Amino acid sequence: MSAPLLDVRNLTVGYGDHQPVLHDVSFALNEGELLGLVGMNGAGKTTLMRALSGGLKPRSGEVSFRGTRMNGSSTAASVRKGIVILPEGHRVLRPLTVEENLQISAMRLSRRAVRRQIAEVQDLVYGLFPILAERRTQLAGLLSGGEQQMLSLARAIIQRPKLLLLDEPSLGLAPVVVEKIYSSLRSLQAAGISMLVVEQNSDRVASACERMIVLRDGRIAATGTPSSLEGAELHAAYFG
Amino acid sequence: MISLVVTSLSQAAVLIPLVLAVSLVFRVSGVVNFGAGSFCVFAGTACASWGASNGAVGVVLTIAAGGVLGALCYAIAIVPAQRKGVPVIGLTLATLGFGLLLNFLTRTWFGGKPSIVQPWIRGSVSIGSYETSKQRLLVIGLSILLLLVMWFLFDRTLIGHNLAAVSFDHELAQVYGVRTMRFELLAWVVSGACLVIGGIFQASIASVSVDVAPTLLVLSLVGAVIGGLGSLFGAVGGAVVAGFVMTLTDQHIAAGYHLTSLLVILSLVLLVRPTGLFTFRGTAERV
Amino acid sequence: MSIIGLDKATGRKAGGASHKAGGLSQALTSAWVKHVAGPLVLVIIGLIASGNDYFVHLATAAVIAYILTAAFNIVYGYAGIFNLSIVITYGLGAFTSVYLEVQFGMPFWPALAISIAVTTALSVLVAVPTRGLNELFLAIQTLAFALALAEVTANWEKFSGGTIGIYAIPLPTLFGYELTGGYLSYYWLAAFFAWLTYELVLRIHRSAMRRKLTALREGPRVLAAVGVSPDSTRLVAFALSGALAGLAGVLFAHFQLVIDLETFSFTRLVALLLAAILGGAGYLLGPVFGVIAILLMDELSLATSQAQDLVYGVGILVLVVLTRGGIAGWLDNFMKWIARRRRPDSSESTGELELDDPGGGGDVLTETMTRNLAESVKAVHRDLRVEVRGMSVAFGGNTAVNDVSISFATGEVVGLIGPNGAGKTTLLNAITGDVRATGSIRLGDEEILGTPPQKLVQSGIGRTFQSPKIIPELTLLENVMLAGDGIGKVGWFRQSLLSPAARKQAVAGRDRAMTLLADLALADRAHSLAGDQPYGVLRLVEIARNLMLDPAFLLLDEPGAGLTEFEREEVAATVRALGARDLGVVLVDHNLPLITGACDRIYVLDHGQVIAEGPPNEVFGQQEVISAYLGVPG
């Protein structure tokens, strides 16, 4: 088997002078895999996501992506290398229209280049979320939460990710929308994009992923396939 | 009446570039530029000196210098302090320090005396019974033109959208792949150029000297706050209001008390509508 | 402890150094030294300068500048209010006194008193419309105020002499003896007032007033959390600085004997800002260093106005980036470094909390805690109940809390749990008046919905915050004492002057605070800066601060977040101990061991609604609760 796409070794992360939030976390994510990451709030899931996406510098340990060391590169640089994140709470550029949101995510300043880049994935994006085509000229701030999450996902697709980090993609959304989001994740996986999906709601991820990590108190409490992590064992890992 | 309108508009015409500049860096870097007055004064004197033989050369050189100074201000006063995690008020002080350096340059290079930029068109026109210089009208026109250019930049171009993204949320802009530092720098360059244009306007219809730097600073800050510091075109609205308030006071209420009446308006606005008179949901965040 | 008074936050009360007798006498000596050093230095300067007109002039200018800088240091350094109208206040003091003397023939002394009254009133006037503005807007507003007032003054020619200024300034007399500005006799007058100023600032520094002002700087919520009104504290800061600035102005006018508006311009403001920040904002001796530094800078560049801009500009840019705390801060750090080198063993412990018996299990810990807290937590309010009925909170279109009814009584520990975004913290904020809510909250028979936070604290409901609202620049002891500063009968005036009554109250407060800290096993850290302490300690200090006010209820917002397992156990033990002492505790957290270990009863929230209620073990058996977290149906 070839080297993993993302290799995290002994990662310790914290804020300021405080106690680290993540202690010595190690795991690997293979090419094409959809890896689930679950845990209570406060377990360190979002911190891990921020550390992987370049928003937060690790105290020690190593993150390597496609064989290169990623420690300390900014978020924008990480995006350009292919690690794209969907932050928690469907955050979009609210003062801009849907179309403008998508244009910015193309990361170019020439209209023509932007158009070309968007056209390449247009079928995929509008095929998955026809509503976005309808709402093209609307301000993103006026979309519903679900539509904003779809816009987030569309934005991520345009950024041509190798690895997509999703932080609680179902949080605060209606079940129908969640269903929609998860079904599109499967199409993305089919299109060759690897994913790390964080959820508090483990059931949601369990049905979508092949392998799952349970995080508790900043440490990995359990790893395994969803079926191996059912029932009492999961409870124990989850609640401590 | 016509006199009131023309004078007010010409006051506003000078303030418009200034409030655009102040509001722009506030949105992108969260800093209020307390060196704004010094930028204007530098511009007025520089333009008068460099343009002594050829006005156009002076203007072009000065605007270029304004951009460079904006970038310098960002590089010297803002970036090192941001890296150190200095709070906003510290950054504001740093811009004040940069302004003092500019004052020093203005004094050493051009002397500290009041300077006048020769009007680009001579003569005067009369509207009804009111007579005014053509230059004054030209400045009003140019200011409106600048406004249009800025509107186009921010509303229609990808650069503008990127700037909007950065000022909305730095972290999220990074997630979108925007290299935020570059756009922040760009905002300072544009802001420097705008401040300089305001200074040239002022010097071409009145005069500037180092002593008026604080007044110009306060006028631009107050104008921007009245209209809405967080919104470019809200701030422009504030500049127009400020222009009218000052002229109205000078012509009809009590000559020589325009700053006082401006303060009254400012206090009222801050009490009643602290986000500014012309900020509305939807537009406020956009430009 | 530094003898030279470099202390910003480590400054402490007489006898505050330690509760050991030796420390007490040492601290008394040091306080005594501080009170004597000021006048002594002023006398020495006078003696050295006498005989040389230039030095006398310089010395007089310096002591007046000290008074002005000290005024700014109170409002900006201590209270963190970037008030740019201070220089015009200073000018107004000068013009008012001269106006009264010239126009009405008033003698110097009454004119001085009236001028100070005028500038104090003016300063308060500036404070009122700037209430609630953030610091940038406040800076803009006060700067605009300064320019507008300068405009008005310039137009009032009788008052200011217009652009020419005022020349014929009468000389102050003392027992028939004329004090001419620039002569040694006038230096003594200025030095006398500088001494008074220093004494006042020193007293403020050592009193409850400094703690309140520092808390104001860190954010009004901290003050409200201890039942002190942020607004009136703010007014006091403005008034004090206005009075001192006016005093400086009067002295300046009679020193120069010629004044014009130009003197009180923007340039003077810049010099003042530089002096305050260069010297060290918020330090007792900051203004002294600042004035000396500016004087040196002015002398070196020989006061050509061109070079002045350069020197000041570079000075500000370098200062902003390189230092925090200016010269005083730098010296303070230096002294600390020396002290640490001399006594390496006393290096501050920042590790985990240490108890006498860390090996003991949770129950032992609780028992110890309960015993410890027994004496200091007086169970004064008994049998009280808070009833929350039909409470809803909406942000925009989002309903964060939807028709929630809960109740809790004294003597029980109630947990509030739920997945992310369930509305736990919002519910807490709604109860404490931090967010707007609809519905009803009754404390006993009283409706308390909409009570401002500082009032709520006074009626017996205290709270802590997700990230502890502790003032990093005060010691742990001072942080706890802060809660006692707002409740006594001694008002701000006597507090600032450190009157005997204020002193007595402060000593009582300190003893109580010390006892509370000792009970929470924090006695050995009481004099360390809060900023250097680990999270777990700050959590406990926040609880101790609340206990100072003898609350009936304590609402704890995620007390376990960011703690190590051991620290969390300690928090849990403390919470149980509080419940045993008849307090009502509401605990929001998502650490289940903490919740199950500490709570008698829990409410589970999901999507803004209560989905389960009961004793922890029962509730965690319920399927809805598990599926709210895990989403596992059936």
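The residue that is farthest from the other protein chains (Cβ to nearest Cβ), among those in the range B:213-224 that are within 12 Å of the chain's Cα centre (by Cα) and not small (Gly, Ala, Ser), is B:LEU216. Scan the range B:90-106 and give yes if some residue there is more than 10 Å from chain C (Cβ to nearest Cβ) and either under 23 Å from B:GLY37 (Cα atoms) or free of Cβ contacts under 8 Å to residues at least 12 places away in the same chain (or both), otherwise no. Scanning the range B:90-106, I find no residue that is more than 10 Å from chain C (Cβ to nearest Cβ) and either under 23 Å from B:GLY37 (Cα atoms) or free of Cβ contacts under 8 Å to residues at least 12 places away in the same chain (or both), so the answer is no. Out of B:GLY237, B:GLY177, B:GLY198, B:GLY192, one residue alone is within 14 Å of chain A (Cβ to nearest Cβ), buried (at least 18 other Cβ atoms within 10 Å of the Cβ) and of a type outside the set (Phe, Trp, Tyr). It is B:GLY177.
Condition check ((1) more than 19 Å from the chain's Cα centre (by Cα); (2) outside any helix (DSSP H, G or I); (3) surrounded by fewer than 21 Cβ atoms within 10 Å (Cβ to Cβ)) across all residues:
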| residue | (1), (2), (3) |
| --- | --- |
| C:GLN466 | yes, yes, yes |
| C:LEU477 | no, no, no |
| C:ALA483 | no, no, no |
| C:ARG510 | no, no, no |
| C:LEU517 | yes, no, no |
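Restricting the range A:102-114 to residues that are assigned to a loop (DSSP other than H, G, I, E, B) and not small (Gly, Ala, Ser), the residue that is surrounded by the fewest Cβ atoms within 10 Å (Cβ to Cβ) is A:LEU109. Within the range B:261-281, no residue satisfies the criterion of being small (Gly, Ala, Ser), more than 10 Å from chain C (Cβ to nearest Cβ) and surrounded by fewer than 19 Cβ atoms within 10 Å (Cβ to Cβ).
Evaluate the range C:250-261: report whether one residue or more is more than 14 Å from chain B (Cβ to nearest Cβ) and either free of Cβ contacts under 8 Å to residues at least 24 places away in the same chain or within 21 Å of the chain's Cα centre (by Cα) (or both).
No; the residues of the range C:250-261 include none that is more than 14 Å from chain B (Cβ to nearest Cβ) and either free of Cβ contacts under 8 Å to residues at least 24 places away in the same chain or within 21 Å of the chain's Cα centre (by Cα) (or both).
Any residue at all in the range B:271-279 that's modelled with pLDDT of 90 or more, hydrophobic (A, V, I, L, M, F, W, C) and farther than 30 Å from A:THR97 by Cβ?
Within the range B:271-279, not a single residue is modelled with pLDDT of 90 or more, hydrophobic (A, V, I, L, M, F, W, C) and farther than 30 Å from A:THR97 by Cβ.
Reported count of residues in the range C:302-331, each being touching an Asp or Glu at 6+ places or on another chain (Cβ under 8 Å) and either within 9 Å of chain B (Cβ to nearest Cβ) or at pLDDT 85 or above (or both), is 1.
The criterion of being over 30 Å from C:ASN52 (Cβ atoms), small (Gly, Ala, Ser) and assigned to a loop (DSSP other than H, G, I, E, B) does not hold for C:GLY242. When B:GLY230 is tested against the conditions (1) touching a residue at least 12 places away in the same chain (Cβ under 8 Å); (2) within 14 Å of chain A (Cβ to nearest Cβ); (3) touching a strand residue (DSSP E or B) at 6+ places or on another chain (Cβ under 8 Å), the lone failure is (3).
Note on the range A:67-101: among residues that are crowded, with 22+ Cβ neighbours inside 10 Å and more than 10 Å from chain B (Cβ to nearest Cβ), the one that is farthest from A:ARG50 (Cα to Cα) is A:VAL98. Restricting attention to the range C:284-293, does a residue exist that is surrounded by fewer than 21 Cβ atoms within 10 Å (Cβ to Cβ) and assigned to a helix (DSSP H, G or I)? For the range C:284-293, residues surrounded by fewer than 21 Cβ atoms within 10 Å (Cβ to Cβ) and assigned to a helix (DSSP H, G or I): present. Residues that are among the polar types (S, T, N, Q) and outside any helix (DSSP H, G or I) were ranked within the range A:134-150; the one that is modelled with the lowest pLDDT is A:SER144.
Residue pairs whose Cβ atoms lie under 6 Å apart, separated by 6 or more positions or on different chains, with the first residue in the range C:124-140 and within 7 Å of chain B (Cβ to nearest Cβ) and free of Cβ contacts under 8 Å to residues at least 12 places away in the same chain and the second surrounded by 21 or more Cβ atoms within 10 Å (Cβ to Cβ) and not in a loop (DSSP other than H, G, I, E, B), are C:ILE140/B:LEU221; C:ILE140/B:VAL225.
Please go through the range C:415-438 and pick out each residue that is surrounded by 21 or more Cβ atoms within 10 Å (Cβ to Cβ), more than 14 Å from every other protein chain (Cβ to nearest Cβ), closer than 12 Å to C:VAL404 by Cα and not small (Gly, Ala, Ser). Of everything in the range C:415-438, those that are surrounded by 21 or more Cβ atoms within 10 Å (Cβ to Cβ), more than 14 Å from every other protein chain (Cβ to nearest Cβ), closer than 12 Å to C:VAL404 by Cα and not small (Gly, Ala, Ser) turn out to be C:LEU427, C:LEU428, C:ILE431. Residue pairs whose Cβ atoms lie under 8 Å apart, separated by 6 or more positions or on different chains, with the first residue in the range A:67-83 and among the polar types (S, T, N, Q) and in a helix (DSSP H, G or I) and the second modelled with pLDDT of 90 or more and loosely packed, with under 15 Cβ neighbours inside 10 Å, are A:THR75/B:GLU171.
Can you tell which of B:SER191, B:SER204 is touching a Pro at 6+ places or on another chain (Cβ under 7 Å), under 30 Å from B:GLY55 (Cα atoms) and in contact (Cβ under 8 Å) with a residue 12 or more places away in the chain?
Working: B:SER191 fails: touching a Pro at 6+ places or on another chain (Cβ under 7 Å).
After applying the criteria, what remains is B:SER204.
Annotation for the range A:52-64: at least one member residue is part of a helix (DSSP H, G or I) and either more than 25 Å from B:ILE159 (Cα to Cα) or under 15 Å from the mean Cα position of the chain (by Cα) (or both). All conditions in (1) closer than 23 Å to C:PRO453 by Cα; (2) surrounded by fewer than 22 Cβ atoms within 10 Å (Cβ to Cβ) hold for C:VAL575, with the sole exception of (2). Restricting attention to the range C:143-172, the residues that are facing another protein chain (nearest Cβ under 8 Å) and among the acidic types (Asp, Glu) add up to 1. If I filter the range B:58-67 for residues that are more than 23 Å from C:ALA307 (Cα to Cα), in contact with an Asp or Glu (Cβ under 6 Å, 6 or more places away or on another chain) and either at pLDDT 95 or above or within 11 Å of chain C (Cβ to nearest Cβ) (or both), do I get at least one hit? For the range B:58-67, residues more than 23 Å from C:ALA307 (Cα to Cα), in contact with an Asp or Glu (Cβ under 6 Å, 6 or more places away or on another chain) and either at pLDDT 95 or above or within 11 Å of chain C (Cβ to nearest Cβ) (or both): absent.
Confirm whether B:PHE152 is surrounded by fewer than 24 Cβ atoms within 10 Å (Cβ to Cβ), of a type in the set (Phe, Trp, Tyr), away from chain A (no Cβ under 12 Å) and over 11 Å from the mean Cα position of the chain (by Cα). So B:PHE152 fits the description; yes. Selection over the range C:267-283 of residues that are surrounded by fewer than 24 Cβ atoms within 10 Å (Cβ to Cβ) and either touching a residue at least 60 places away in the same chain (Cβ under 8 Å) or not in a helix (DSSP H, G or I) (or both) gives a count of 2. For the residues C:LEU100, C:LEU122, C:LEU84, C:LEU92, the requirement of being crowded, with 19+ Cβ neighbours inside 10 Å, not in a helix (DSSP H, G or I) and not charged (D, E, K, R) singles out C:LEU84. Can you confirm whether the range C:389-412 contains a residue that is buried (at least 24 other Cβ atoms within 10 Å of the Cβ), in contact with an Asp or Glu (Cβ under 7 Å, 6 or more places away or on another chain), over 24 Å from C:PRO452 (Cβ atoms) and away from chain A (no Cβ under 14 Å)? Looking through the range C:389-412, none of the residues is buried (at least 24 other Cβ atoms within 10 Å of the Cβ), in contact with an Asp or Glu (Cβ under 7 Å, 6 or more places away or on another chain), over 24 Å from C:PRO452 (Cβ atoms) and away from chain A (no Cβ under 14 Å). When the range A:151-197 is filtered for residues that are in a helix (DSSP H, G or I) and under 13 Å from the mean Cα position of the chain (by Cα), the ones remaining, listed by number, are A:SER152, A:LEU153, A:ALA154, A:ARG155, A:ALA156, A:ILE157, A:ILE181, A:TYR182, A:LEU185, A:LEU188, A:GLN189.
The values are calculated or read from the model by the stated rules, or taken from the named source; none is laboratory data. Nothing here was measured: the structure is a model prediction, and the numbers come from that model. All Cβ positions, even for glycine, are placed from backbone atoms using ideal geometry, and neighbour counts span all protein chains on display.
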